[in-house]
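J.: Next up is a structure, given as structure tokens.
The values are calculated or read from the model by the stated rules, or taken from the named source; none is laboratory data. No experiment lies behind these values; they were computed from the predicted model shown. Positions of Cβ are backbone-derived with ideal geometry, glycine not excepted, and every protein chain shown enters the neighbour counts. Only protein heavy atoms, including side chains, enter the accessible area calculation; ligands, DNA and RNA are left aside. Shrake-Rupley method; radii C 1.70, N 1.55, O 1.52, S 1.80 Å.
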Amino acid sequence: MNIVVAMKQIPDLQQIRISNRRPVLQDVPLTFGGIDKSALEAAVVLKESLGEVKVWVLSAGSEELEDTVKEALAAGGDEAYLVIDQSLAGADSSIIAQVLAAGIKQLNDVDLILFGEGSGDNYSGQVGARVARLLELPLVSYARDIKIDGDTAQVVRVLEDCEEVLEVKLPAVITVLSDIGEPRIPSVTQILKAGKKPKQTAELDDLGISAGQSNPVITLSNLAPESNRKRIVVKNPVELVEKLKSENLIGG
Amino acid sequence: MGTITVPIILEKLKEGYDQLEKFDVIVVGGGLAGLAAAYTLAQHDLEVLVLERGDYCGAKNLTGGRLYINPIRNLFPDLWQKAPLERPIVREGVMIMAAEGSLAINYTGADLASEPYQSYSVLRAKFDRWFAREVERQGAAIVTKTRVSDVIIQDGQVCGVRADGEELRADVVIACDGVLSLIAEKAGLRKPGNAKDYAVGVKEVIELEAGLIEERFGLEGNEGAACLFMGAVTKGIFGGGFLYTNQNSLSLGIVVGISDLIASESAVSIPALLEEFKQRPEIARLIKDGTSVEYGAHVIPEGGAAALTRLYGPGILVAGDAAGFAMNIGITVRGMEYAMASGYYAAQAVLKAREKNDYSVQALSSYEALLKESFVMKDFLNFKNAPLALSNPRLYSHYPELINDIMADLYSVPAGQKERLYPTIRKYLNWREMLAMAGDMRKVMKL
Amino acid sequence: MAGNAGDGRRYEKGDETVTDTLGLKAKLGLNVFKPGEYRHINVKPGMEKDPRLKRAVLVCPAGLYSVTQDDKVELTIDGCLECGTCRIACGTDVLDWDYPPGGTGIQYRFG
């Protein structure tokens, strides 16, 4: 059985600082999205319970990906398939979905494709569904638990007010919640062995996708709203109360 | 299908680390000492594993901010061309601060202002991360986010480490785990440090536009400046302030001796010292419109030669801050080049021991011999009296006030008649003062 | 004792009382901290009132030690810079001191 886990390379969010209302991404270490790591964990748990499973790590992005992917191979991925092109770093969901779908077609006998329900940075939550559509596969979203029985997956799907238990015939695409599994922390030996695991890399040309395809959506501005703080300094609580009253922020 | 570009380390992993049972060398700590050791060992094709507890090399490291290249240029000849150094230091400054004034001395000269530059300001998170890449390129394996908790000792010989519950074995371990070196402690090479041998440094990195930096410090292009401060900046406690210009930021901080801080009657806290330092008019105008982007602190070994720990034991070597290789001689405070050099010589000692496959104490003692032949131990022995000479409290309160009083008087033009210059000075330097000064001078002359 | 460092600390400067432009907590807030699962520094049981421990109140650059009303020294670990000053100043008789687990704690972006 082949499980593909699609993972997105993103900047380590905790390392990003804001300067002039814009995030500073320079020198920020790269990692995979948190929910993507949970998706990988789910795949590895399935592998541990089923045996005979190969876990593919699929990703598309800049060339740093070859380094970033070691993290996923250390955490239980068996082999990586990477589509590498500088233009993919900030690419739109629709383009990434095309690239990933094309990548999956290169892999043989894929039974299950896992996505995090949203990426750690943009959180558009679209790529899994788009890939399912492109590959004409059934999609189950918001999965908290997956059990495999033969060529069927039983999935617990979490909705706002209830949980659904669904059955889906494989091959299928499933997007998962972070609740599906706490990503394991690989040991030093696993990290070192990850360097030896096989990796395939492809360029956009190999997949018949033209590089530099422009994003259909252009971001004009994504600045945080400006806040005008009054910067009033108070010396004690009494003064604070006075000020708040005078600003009509608390009742007299 | 594209070709897979396999970093050298991966090729080596394919060849050599199949069993992953044992490395030639495990380096604990991916700071400058550890990376220098690993770099040198990997160049000689040894299988080296560096274990670093930070998210990346440099994540746990803090420096005041200056690396002197000259003593180590030839130990790593290929390293400097592309190194992400901040600015070459072409202007040196000392400021003697009294409570109400200050005397500044600036030095600049052709030797400082031309290539090869003798020193550069650095930011460690950037520099060490880059250096780690270079080390990997040489073929060493670096595993980050991993804390080493203990050494494995078998038949009295260190033969590996425990990290996150795993046992990792090697012929020899190099402890480069920083100033506290819990690893050297676990290996029985040292005891927890004594406060008198250590200082604590606190520092803010203040982001400031490059143009403003150049304007305020009188610099051309990428040139940089360094300034040390003494006197009121530490309220009379042993220590001083520092300021280095980086590309787009300033490193501003204070270093104070820990035992002096504990004993101080003024009971000032370190954060308050730094804040008052920032508010001094001499500093405030330099950092104006800057934005603080990081606040850090670190202990610094300052005990000199007398406080160096044992440098080696069976199957283990100690390098960098872990061994105590940092030195304060008043006008320069140095550590990073000693770290890199000691890492280099630790690697050389391992290479030598490897020839006979003997990692006993005797075999590893060549480390100390190599250090003694190098600038490292020569400096430490040369300046062995520095800690004593600099521990004189009069240097941090009495003299700064005295000098500033004299300056204030010399430069003042009163409404009435101005006194002659020599009597003005002599007014401050009575016989008692001169005698005390001569005594202090004798100590300083040992520097 | 000038140890109660916190946001907007006050201290005497000449005749006027100056409030920090950027309090200590705000300064620590500039840093990247990755949460750990446990406290890597602990006061040894029974040592809470030891005079050696009081030194930490003064020397901790992050102002994490404070004295409670019943004269015990308390340690908040959040914001720890792992600088080692408290271990050097107070000693290992009163403090159980270790670095936090790999990949947690302070992660300097500049250093």
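J.: Using the Cα centre of the range B:198-279 as origin and beta-carbon charges of +1 (Lys, Arg) and -1 (Asp, Glu), tell me which of B:VAL200, B:GLN247, B:PHE217 is placed farthest towards the positive end of the dipole.
T.: Highest projection toward the positive end goes to B:VAL200.
J.: Quote the charge dipole size of the protein assembly as shown about the Cα centre in Debye, to the nearest 20; the model charges only the Cβ of Lys and Arg (+1) and of Asp and Glu (-1).
T.: Value, rounded to 20: 2760 debye.
J.: While we're looking at this one, here's another question. Using only alpha carbon pairs under 8 Å that are at least six residues apart, calculate the relative contact order of chain A and give it in whole percent.
T.: Relative contact order for chain A comes out at 22 percent.
J.: Using 1/(1 + (r/R0)^6) with R0 = 41 angstrom and r between the beta carbons of B:ILE105 and A:GLN14, what's the FRET efficiency to the nearest 0.05?
T.: 0.45
J.: Which of the peptides B:402-411, A:38-47, B:173-182, A:122-131 is most tightly packed, and how do the rest follow, going by the mean number of other Cβ atoms within 10 Å of each residue?
T.: B:173-182, A:38-47, A:122-131, B:402-411
J.: Take chain B, connect every pair of alpha-carbon atoms lying under 10 Å apart with a spring to form a Gaussian network, then pick out the residue of B:TYR344, B:TYR428, B:TYR120 with the largest mean-square fluctuation.
T.: Per the Cα network of chain B with a 10 Å cutoff, B:TYR428 tops the list.
J.: On to the next question. How large is the accessible surface per residue of the protein assembly as shown, computed with a 1.4 Å probe and reported in Å² as a whole number?
T.: Accessible area per residue, the protein assembly as shown: 45 Å².
J.: Between the DSSP loop rule and a limit of at most 13 other Cβ atoms within 10 Å, which trypsin sites (Lys or Arg not before Pro) in the range B:227-330 are left?
T.: The qualifying sites are B:LYS288.
J.: Tell me which of A:GLY150, A:VAL173, A:GLN15 sits at the most positive position along the dipole axis of the range A:2-221, charges placed on C-beta atoms (Lys, Arg +1; Asp, Glu -1).
T.: With unit charges placed on the Cβ atoms, the residue in question is A:GLN15.
J.: Using the Karplus curve 6.51 cos²θ - 1.76 cosθ + 1.60 with θ = phi - 60°, what ³J(HN,Hα) values do you get for each residue of the range B:281-298, in whole Hz, with x for Gly and Pro?
T.: Per residue, the Karplus-derived 3J(HN,Hα) values read x, 5, 8, 3, 6, 7, 9, 3, 6, x, 10, 5, 10, 7, 10, x, 8, 7 Hz.
J.: Please give the charge dipole size of the range B:201-295, origin at the Cα centre, charges +1 on K and R Cβ atoms and -1 on D and E Cβ atoms. Round to the nearest 20 debye.
T.: 280
J.: Per residue of A:184-195, count partner chain C-beta atoms within 10 Å of its C-beta, then hand back the mean as an integer.
T.: 6
J.: Principal axis extents for the range B:149-249, Cα atoms only, whole Å, descending order, please.
T.: 62, 34, 20
J.: Given the peptides A:88-94, B:348-354, arrange them by the average over their residues of other C-beta atoms within 10 Å, most packed first.
T.: Packing order, densest peptide first, comes out as B:348-354, A:88-94.
J.: Still on this model: Could you sort A:ASP67, B:ASP111 by accessible area so the largest value comes first, with the probe set to 1.4 Å?
T.: Sorted descending by solvent-accessible area, the residues read B:ASP111, A:ASP67.
J.: So who's got an amide H within less than 5 Å of the one on B:ALA163, skipping anything under 5 residues away but keeping other chains? H placed 1.01 Å off N, in plane.
T.: The list, which skips near neighbours in sequence, is B:SER149, B:LEU168.
J.: Another one. Going by average Cβ density within 10 Å per residue, which order do the peptides A:134-145, B:323-334, B:29-40 take, highest to lowest?
T.: B:29-40, B:323-334, A:134-145
J.: Apply the Karplus curve 6.51 cos²θ - 1.76 cosθ + 1.60, θ = phi - 60°, to the phi angles in the range B:405-418 and return the couplings in whole Hz, x for Gly and Pro.
T.: Ordered by residue, 3J(HN,Hα) equals 5, 4, 4, 4, 5, 4, 8, 6, 10, x, 5, x, 6, 9 Hz.
J.: Would you mind checking which residues have amide H under 5 Å from A:LYS199's amide H? H placed 1.01 Å from N; only 5 or more apart, or other chain.
T.: A:ALA80
J.: Here is a further query. Short version: which residues of the range B:278-294 lose at least 30 Å² of accessible area, all chains versus chain alone, 1.4 Å probe?
T.: In the range B:278-294, residues shielded by partner chains: B:GLN279, B:SER292, B:VAL293, B:GLU294.
J.: Taking Cα pairs under 8 Å and at least six residues apart, what relative contact order does chain B come out at, in percent?
T.: So the answer I get is 19 percent.
J.: Another question about this same structure. What is the mean number of Cβ atoms from other protein chains located within 10 Å of the Cβ atom of each residue in peptide B:188-197, rounded to a whole number?
T.: Partner Cβ neighbours, averaged per residue: 3.
J.: Across the range B:66-71, in residue order, what do the Karplus-derived ³J(HN,Hα) couplings come to in whole Hz, using 6.51 cos²θ - 1.76 cosθ + 1.60 with θ = phi - 60° and x for Gly and Pro?
T.: Along the range B:66-71, the couplings run 9, 10, 8, 7, 3, x Hz.
J.: Further, regarding this structure: If you take each beta carbon of peptide A:11-17 and count the beta carbons of other chains within 10 angstrom, what is the mean?
T.: Per residue, the number of nearby Cβ atoms from other chains is 4 on average.
J.: Sticking with this one: For B:LEU250, what residues show an amide H to amide H distance below 5 Å, using hydrogens built from the backbone and excluding near sequence neighbours?
T.: The list, which skips near neighbours in sequence, is B:ILE206, B:GLU207, B:LEU208.
J.: Quick check: convex hull of the Cα atoms in the protein assembly as shown, volume per residue, rounded to a whole Å³?
T.: 216
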